[in-house]
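> My questions all concern the structure below.
Coordinate-derived values only; no laboratory data. Nothing here was measured: the structure is a model prediction, and the numbers come from that model. With ideal geometry, Cβ positions are generated from the backbone for all residues, glycine too; neighbour counts draw on all protein chains shown.
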Ligand code: ADP
Ligand code: MG
């Protein structure tokens, strides 16, 4: 348990990092729809619902054990990881610092509901539910008051969660994402696979209409996506999104390369926006 708490310090820094892990699990589960809901910035209530493959009843308690993953079976698998997760750490870490309700169902088996307190399963029951998984995380950090003190305002935590959902929605236009904050819908992407549609939903019409599609390759590398016209620049780099193998990354090198392409076409202190993969 102590090891889980220490790991939690690294894996779950704040609600947004828990959301990132839960959404990555939903993506790995092959979900076509993912809904993220938070109340109080995710501190009291944080729920991720997906339409993925679900977890079999006999595997559900195991999923919360440290180093328990279904994504690696042999040591050879380690050399060819095709999933976002593989260390089996997230659920153990998140559950050790919260109260969790899990509701999940696979195509084959009946559904199951599980309740955990501080990482310990306190009840397990058969449950009727659609295929997929819902994880409700309540009272994050209730048993680690020192960590709780580091949280910012509800608004700041909710906005960090929103950023994570936006990154995931841009990375996966083939998945329909919804984000609700205190019961109000903040984002809904259609999941039809069109990245421009996701950009519309996230950037808004004005900026989206000022983006150009780009596609280039060199040796084994390929870069494609959308960049702003030199006239539609931003005051900061917040809307520069780079994805590498489906993962959102921040990279000074890539930002510098992007900005180099606009040299002499942009005033200093202005920055292009982009969604590039
Ligand atoms: P990892 O993602 O590294 O395997 P996690 O702790 O995040 O580790 O999850 C543990 C296991 O629980 C996963 O390997 C997967 O089998 C299962 N799991 C977690 N979330 C989901 C989900 N949303 N849908 C289906 N299975 C899930
Ligand atoms: Mg994971």
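> In µm²/s, what is D for the range 2-44 at 10 °C and 1.306 mPa s, where D = kT/(6 pi eta Rh) by Stokes-Einstein and Rh is the Kirkwood radius from Cα pairs? Walk me through the intermediate numbers first.
Values: Rh = 11.6 Å.
Answer, rounded: 137 µm²/s.
> Relative to the longest principal axis of the chain, what angle (0 to 90°, nearest 10) does the C-alpha long axis of helix 15-28 take?
90
> For the range 219-277, what relative contact order do you get, as a whole percent, if you take Cα pairs closer than 8 Å and at least 6 residues apart?
Working: 80 pairs, mean separation 34.2, N = 59.
58 percent.
> Whole angstrom only: what separates the Cα centroid of the range 192-241 from the Cα centroid of the range 91-117?
If you average the Cα positions of each part, the centres end up 37 Å apart.
> If you line up the Cα atoms of the range 1-126 on their principal axes, what length do they span on each, largest first, in Å?
40, 32, 27
> Once label points are set 7 Å from the Cα along Cα→Cβ at both residue 257 and residue 123, what is their separation, rounded to one decimal in nm?
About 5.3 nm, to one decimal.
> Something else about it: Between the helical axis of 2-11 and the dominant principal axis of the chain, each derived from Cα atoms, what acute angle in degrees is found, rounded to the nearest 10?
20
> Moving to a separate point now. Taking every pair of Cα atoms in the range 220-277, average 1/r, invert it to obtain the Kirkwood radius, and report Rg/Rh to two decimals.
Rg/Rh for the range 220-277 comes to 0.95.
> So if I take the alpha carbon set of the chain, get Rg, then get Rh from the Kirkwood formula, what is the Rg over Rh ratio?
Dividing the radius of gyration by the Kirkwood radius yields 1.00.
> Evaluate the Kirkwood expression for the hydrodynamic radius of the range 102-215, namely the inverse of the mean inverse distance over all pairs of different C-alpha atoms, and round to one decimal in Å.
Answer for the range 102-215: a Kirkwood hydrodynamic radius of 17.2 Å.
> Relative contact order (percent) for the range 189-261, with alpha-carbon contacts under 8 angstrom and 6 or more residues of separation? Mind showing how you got there, number by number?
Numbers: 49 pairs, mean separation 11.6, N = 73.
For the range 189-261, the relative contact order is 16 percent.
> Can you give the angle from 0 to 90° between the axis of helix 154-171 and the longest principal axis of the chain, with both taken from C-alpha atoms, to the nearest 10?
Computed tilt is about 70 degrees.
> Take every Cα-Cα pair in the range 173-261 and report what % of them are more than 20 Å apart. Please list the in-between numbers first.
On the way: 1701 of 3916 pairs.
Every Cα pair in the range 173-261 considered, those over 20 Å come to 43 percent.
> I need 134, 104 ordered by Cβ neighbour count within 10 Å, fewest first.
Ascending Cβ contact count within 10 Å gives the list 134, 104.
> Please compute the length gained on full extension between residue 220 and residue 67, using 0.36 nm multiplied by the number of residues separating them and subtracting their Cα-Cα distance.
51.7 nm
> Size of the range 1-75 along its principal axes in angstrom, Cα-based, largest extent first?
40, 35, 22
> Could I ask something else about it? Normalised by the number of residues in the range 98-146, what is the relative contact order in percent for Cα pairs under 8 Å and 6+ residues apart? Numbers along the way, then the final one.
Working: 100 pairs, mean separation 21.2, N = 49.
Relative contact order for the range 98-146 comes out at 43 percent.
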